[in-house]
Number of protein chains: 2
Amino acid sequence: MTAYENLCKLAQEIALLGSTASTLGWDQETYMPAKALDHRAQQLAYLSAKSHALATGKTFRKTLDLALKEGAARGSKQAANLREWAYEIERASRIPTSLVAEESNITAHARNAWVEARKKSDFSMFSSHLGKILSIARQKAELWGYQDEPYDALLVGYERGARTRLIANLFDELQPRITAIAKSAVDKSRAIPSTLLRGKYPVAKQQQLNREVAESIGFDFDAGRIDTTTHPFCTTLGPMDVRLTTRYDEADFTSSLFGVLHEAGHGLYEQGLPAPEFGRPAGNAVSLGIHESQSRLWENHVGRSEAFWKKWLPRATEIFPSLRKLHLGDFMASIHRAQFSFIRVEADEATYDLHILLRFQIERRLLNGTLEVAKIPQAWNDQFEHLFGVRPPDDAHGCLQDIHWSMGGLGYFATYTLGNLNAAQLYAHANRDRKIRSASTSANYTPLLAWLRTHVHSHGSALLPSKLIAKATGHPTDSAAYLAHLQERFGPGRTKRDL
Amino acid sequence: MTAYENLCKLAQEIALLGSTASTLGWDQETYMPAKALDHRAQQLAYLSAKSHALATGKTFRKTLDLALKEGAARGSKQAANLREWAYEIERASRIPTSLVAEESNITAHARNAWVEARKKSDFSMFSSHLGKILSIARQKAELWGYQDEPYDALLVGYERGARTRLIANLFDELQPRITAIAKSAVDKSRAIPSTLLRGKYPVAKQQQLNREVAESIGFDFDAGRIDTTTHPFCTTLGPMDVRLTTRYDEADFTSSLFGVLHEAGHGLYEQGLPAPEFGRPAGNAVSLGIHESQSRLWENHVGRSEAFWKKWLPRATEIFPSLRKLHLGDFMASIHRAQFSFIRVEADEATYDLHILLRFQIERRLLNGTLEVAKIPQAWNDQFEHLFGVRPPDDAHGCLQDIHWSMGGLGYFATYTLGNLNAAQLYAHANRDRKIRSASTSANYTPLLAWLRTHVHSHGSALLPSKLIAKATGHPTDSAAYLAHLQERFGPGRTKRDL
């Protein structure tokens with residue numbers, strides 16, 4: 001056996017442990033009875049310790065060194081796997097075990113403190129924990145190293161190869177334009193009654209519609225399923241086993257449907273990764289920003305388009321006869337209704353990015369040392385007011401709303417807006433193809449999916465995000481396609497009827 | 001740390017691997033999409049190899065030797081754990097790895113051959129596989145050793161401490177009595193229309209009733225659940241995580257309900273095992289015969305009693321209004337309707353044991369070398385005709401019907417009838433207590449469950465089956481209580497109305 005083959009065997013073992021843990025995690029969120037939690041935590045801790053020991057152990061390192069010496073054909077999946085494994089090992093080796101242990105100890109407590117602080121809407125109950133988390137994050141950034149600023153070092157953990165400076169430039173460009181579009185969308189939405197879609201939609205019937213929709217965009221139910229959880233997610237339990245979840249609002253069927261379209265977007269990516277490379281970088285999704293581009297593409301560009309609903313509103317009306325009074329135009333206006341809200345996860349398409357821009361700016365300042373933890377509420381509320389024109393009534397509706405910081409997830413939020421930019425750019429470029437465009441017009445997305453399979457999914461992590469986008473669309477991620485999309489859907493030039 | 005504490009740590013690791021595999025197994029049967037099978041098989045093979053290596057490895061053996069030297073207080077759980085671990089290790093050490101590998105290779109092929117042979121109803125397609133399985137089983141029996149005959153060595157793998165000779169005596173005693181009772185039950189049942197309970201019972205409503213029933217007998221839904229599978233089972237994923245499954249017949253709600261009562265009987269045993277001893281013998285069920293005694297007790301003695309239905313038929317009628325025309329007497333007659341059938345898993349309470357007696361006799365002769373594999377169909381059909389008065393039309397309805405042999409499960413079937421005997425004996429003895437009896441009369445089974453917790457569940461494997469039964473009921477397993485129960489429920493003295 002070559003060293004590379006031995007390395008693949010080790011990676012296979014790590015992948016078996018990881019996919020087993022994912023299965024336990026999925027069960028924990030979907031079906032596990034409450035009292036089983038303690039034992040489940042023990043199982044997961046055991047699997048993760050085993051997997052961590054293998055992935056960072058001497059055997060893996062030595063075998064990797066030998067495999068690197070063997071070399072690999074330029075541009076091959078083998079070369080990509082070796083490149084990414086070397087990168088991960090190098091990155092992991094820079095963080096001492098003691099710091100990893102310290103971090104997991106701090107986040108375990110911070111998680112509970114955050115839950116309590118949010119409940120009482122009192123940032124001071126969380127601030128000392130966040131202070132420790134920030135200190136760890138800055139230590140890690142120094143150990144990892146960075147080109148321009150500490151945020152870089154964290155960001156690349158989620159978005160391989162990304163640069164804070166470039167993202168900041170993009171976001172600076174976006175901010176005034178998105179603010180204007182969002183304001184216009186919100187203003188016009190005041191004329192649209194919020195109750196147009198309210199009704200009684202039994203869960204079983206929503207499930208039927210959601211399944212048909214997910215199948216129609218290409219989600220393979222022989223290699224996946226949809227279950228119900230409080231917080232929707234997509235998780236991969238094996239190369240042919242992708243599980244989505246959604247939640248149901250019996251008064252509004254579009255809530256679970258858009259949730260399914262979003263998660264199915266993630267799921268299509270996972271189902272399109274090269275199965276023989278499962279558990280190796282070439283078989284893994286490359287970044288959060290690319291992942292989110294797939295979910296947002298199917299949720300927003302496909303799922304909130306008029307072509308889509310020309311086909312699906314009649315079918316929805318068969319399933320929910322109470323919809324028969326509704327015109328397509330009013331339906332489209334309803335699903336594009338925009339409003340300023342304090343909570344990111346409830347935000348609509350027109351206002352979502354403003355939430356992200358705010359968090360990116362605050363995190364960047366925290367890491368650069370130009371904002372103290374204690375001053376976060378003030379900075380948050382000031383900036384929120386600047387962007388949205390309203391001030392959060394309390395910390396629970398402000399800087400305490402997201403779980404990410406309590407888990408040490410600094411540097412993560414930017415990938416949401418990157419996802420939006422990439423989604424728009426990929427969708428616009430794919431639709432330059434006449435066949436794709438004409439099929440999409442009649443809600444046939446087979447050609448679109450085929451294009452995404454070729455240009456995004458099949459690469460796994462062989463191409464880094466910026467290269468993948470440039471190769472697929474001809475240029476790196478920029479804001480043009482996204483702004484054009486937002487402008488067309490929400491911009492000042494559009495009338496209420498156009499929404 | 002003492003050697004015993006180290007041993008418990010090793011056992012904990014084995015238990016985490018085992019309970020993880022059980023979780024994957026449960027998911028495979030309930031929710032896993034079809035194409036995920038290959039990867040799931042890889043995960044399970046990996047976990048089982050890891051767990052096997054730990055359980056039979058040098059570290060475990062050495063630590064056990066040290067712990068045995070430390071000793072343990074007589075009658076303590078520690079003493080029981082050491083006794084059982086030593087027994088298991090000694091038993092495992094007698095089988096060379098090559099034979100284990102040979103067996104798993106043979107059974108992998110035999111399983112498929114059996115599926116095909118049953119489909120075509122052609123025993124000759126399976127006989128050479130069964131010949132190999134029998135040869136392995138006989139080799140194992142010789143390696144393990146036995147007191148009287150080879151069947152002993154296999155039987156104790158399922159029923160620790162059992163003796164073939166004693167079971168054969170019991171079964172010889174049962175055979176003429178059960179044959180007479182079954183014949184009487186079948187004769188009288190001809191007057192009962194088979195269609196009395198046929199109706200339309202939506203699955204969701206059956207699930208509601210089943211859940212109420214399972215809760216009422218004490219099944220803890222915060223530490224377990226019920227899902228749907230083709231073949232009902234009960235599996236334990238952790239000390240507080242017991243999963244039952246059942247299947248639904250929309251035309252007959254009693255089918256899923258008795259399935260749930262049966263599996264909940266297994267589940268109550270599992271939920272009653274001492275949680276701190278999870279993964280050690282003192283925290284494990286002691287044998288299949290004791291396990292089956294719990295399922296049959298709740299399914300047949302409780303669930304098919306008139307007291308039970310006095311309470312539950314009115315509730316079932318609320319849920320299924322079409323039952324309102326049905327009198328309790330006719331309902332009881334319907335659920336006690338007996339008929340001779342060729343397939344064991346479809347057999348009713350009155351005729352079930354005849355299927356077991358037949359298999360026990362054939363397996364015993366195979367292992368003693370007094371029956372050749374090629375002659376099984378003839379021997380099966382002759383004995384079936386002798387017991388049931390009818391001859392199986394083909395091998396699919398005869399010797400090919402059960403999966404057990406294809407998996408190497410020789411010596412297993414006897415435990416089903418042992419379960420029936422133990423169920424009757426435990427139930428009769430518990431009901432000598434006036435409080436238990438009077439509560440049961442009004443379908444309150446809290447005192448009965450408390451008695452079973454004390455006398456059966458809480459022992460885990462600390463008491464071997466024969467000792468457990470003798471301690472709980474005052475004497476070893478015999479046929480008296482079971483025959484009295486069958487006689488009372490089905491015997492010649494009863495009229496149609498009494499059924």
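The values are calculated or read from the model by the stated rules, or taken from the named source; none is laboratory data. Since we're looking at a predicted model, the values are computed, not measured. Neighbour counts are summed over all protein chains in view; Cβ atoms, including those assigned to glycine, are modelled from backbone coordinates with ideal geometry. These accessible areas exclude ligands, DNA and RNA; they are computed on the full protein's heavy atoms, side chains included. Shrake-Rupley method; radii C 1.70, N 1.55, O 1.52, S 1.80 Å.
Key figures for this structure:
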{"read-out": "Selection of trypsin sites (Lys or Arg not before Pro), segment B:379-462, meeting DSSP coil and at most 11 other Cβ within 10 Å", "value": "B:432"}
{"read-out": "Rg over Rh [alpha-carbon atoms, Kirkwood Rh] for segment B:411-461", "value": "1.06"}
{"read-out": "Total accessible surface hidden between B and A, rounded to 100 Å², 1.4 Å probe", "value": "2900 Å²"}
{"read-out": "C-alpha center-to-center spacing [segment B:253-272, segment B:35-98] in angstrom", "value": "30 Å"}
{"read-out": "Projected label distance in nm at residue B:446 and residue A:195, using a 7 Å step from Cα toward the beta-carbon", "value": "4.8 nm"}
{"read-out": "Listed residues A:146, A:31 arranged by accessible area, highest first, probe 1.4 Å", "value": "A:146, A:31"}
{"read-out": "Rounded percent of accessible protein surface that carbon and sulfur make up, the protein assembly as shown, 1.4 Å probe", "value": "52 percent"}
{"read-out": "Those GluC sites (Glu not before Pro) in segment B:202-276 that DSSP places in a loop and that have at most 14 other beta carbons within 10 Å", "value": "B:250"}
{"read-out": "Average projection area in nm² (convex hull over Cα atoms of the protein assembly as shown, one quarter of hull surface)", "value": "44.7 nm²"}
{"read-out": "Whole-number D in µm² s⁻¹ for segment B:315-448, Kirkwood Cα-pair radius fed into Stokes-Einstein, 4 °C, 1.567 mPa s", "value": "72 µm²/s"}
{"read-out": "Distance from segment A:426-493 to segment B:132-162 (C-alpha centre basis), Å", "value": "66 Å"}
{"read-out": "Unit charges at the beta carbon, dipole of chain A: most positive-side option, A:297, A:78, A:37", "value": "A:297"}
{"read-out": "Exercise: per-residue mean of other protein chain Cβ atoms within 10 Å, A:214-223", "value": "1"}
{"read-out": "Within straight-line cross-link reach of residue B:311, lysines at Cα separation under 28 Å, skipping those fewer than 8 residues along the same chain", "value": "B:188, B:200, B:205, B:325, B:435, B:496"}
{"read-out": "Those lysines that a straight Cα-Cα span of less than 21 Å connects to residue B:62, excepting residues fewer than 8 apart in one chain", "value": "B:9, B:50, B:77"}
{"read-out": "Low-density loop cleavage sites - trypsin sites (Lys or Arg not before Pro) in segment A:1-87, where at most 14 other Cβ are within 10 Å (DSSP)", "value": "A:74"}
{"read-out": "FRET efficiency, residue A:48 to residue A:91 (Cβ-Cβ, R0 22 Å, nearest 0.05)", "value": "0.80"}
{"read-out": "Most positive-pole-ward Cα, B:332, A:356, A:184, against dipole of the protein assembly as shown from beta carbon charges", "value": "B:332"}
{"read-out": "10 Å Cβ neighbours from other chains, averaged over peptide B:29-35", "value": "6"}
{"read-out": "Residue-level accessible surface for residue A:402, protein heavy atoms, 1.4 Å, Å²", "value": "20 Å²"}
{"read-out": "Computed label-point distance, nm, for sites residue B:116 and residue B:394 using a 7 Å Cα→Cβ extension", "value": "1.7 nm"}
{"read-out": "Solvent-accessible area per residue, Å², over segment A:391-499 with all protein chains present [probe radius 1.4 Å]", "value": "40 Å²"}
{"read-out": "Inter-label distance, nm, simple model (7 Å from Cα along the C-beta direction), residue B:339/residue B:108", "value": "4.2 nm"}
{"read-out": "Kirkwood-based shape ratio for chain A, expressed as Rg/Rh from alpha carbons", "value": "0.95"}
{"read-out": "Accessible-area value, residue B:102, 1.4 Å probe, nucleic acids and ligands omitted, Å²", "value": "90 Å²"}
{"read-out": "Signed unit charges on C-beta, dipole axis of segment A:331-486, positive-most listed residue A:412, A:424, A:368", "value": "A:424"}
{"read-out": "J(HN,Hα) series, segment B:205-211, from Karplus relation 6.51 cos²θ - 1.76 cosθ + 1.60, nearest Hz, glycine and proline x", "value": "6, 4, 4, 5, 4, 4, 5"}
{"read-out": "Cα gyration tensor category, rounded, prolate or oblate, for segment B:172-223 with a/c compared to 1.5", "value": "oblate"}
{"read-out": "Å² per residue, accessible surface of segment A:1-154 at 1.4 Å", "value": "51 Å²"}
{"read-out": "Dipole in debye (nearest 20) - segment B:1-111, about Cα centre, beta carbon charges: Lys, Arg +1; Asp, Glu -1", "value": "240 debye"}
{"read-out": "Shielding by other protein chains, B:235-246, mean Cβ within 10 Å", "value": "4"}
{"read-out": "Within straight-line cross-link reach of residue B:375, lysines at Cα separation under 30 Å, skipping those fewer than 8 residues along the same chain", "value": "B:119, B:120, B:132, B:140, B:183"}
{"read-out": "Alpha carbon centroid spacing (whole Å) that separates segment A:287-358 from segment B:388-420", "value": "58 Å"}
{"read-out": "Where A:27, A:38, A:395 fall by accessible area, highest first, once all protein chains stay in place (1.4 Å)", "value": "A:38, A:395, A:27"}
{"read-out": "Segment A:351-463, relative contact order in percent, only Cα pairs under 8 angstrom and at least six apart counted", "value": "20 percent"}
{"read-out": "Per-residue SASA entry for residue A:240, accessible area with 1.4 Å probe, Å² rounded to 10", "value": "80 Å²"}
{"read-out": "Check: chain B dipole with +1 on Lys, Arg Cβ and -1 on Asp, Glu Cβ, in debye", "value": "760 debye"}
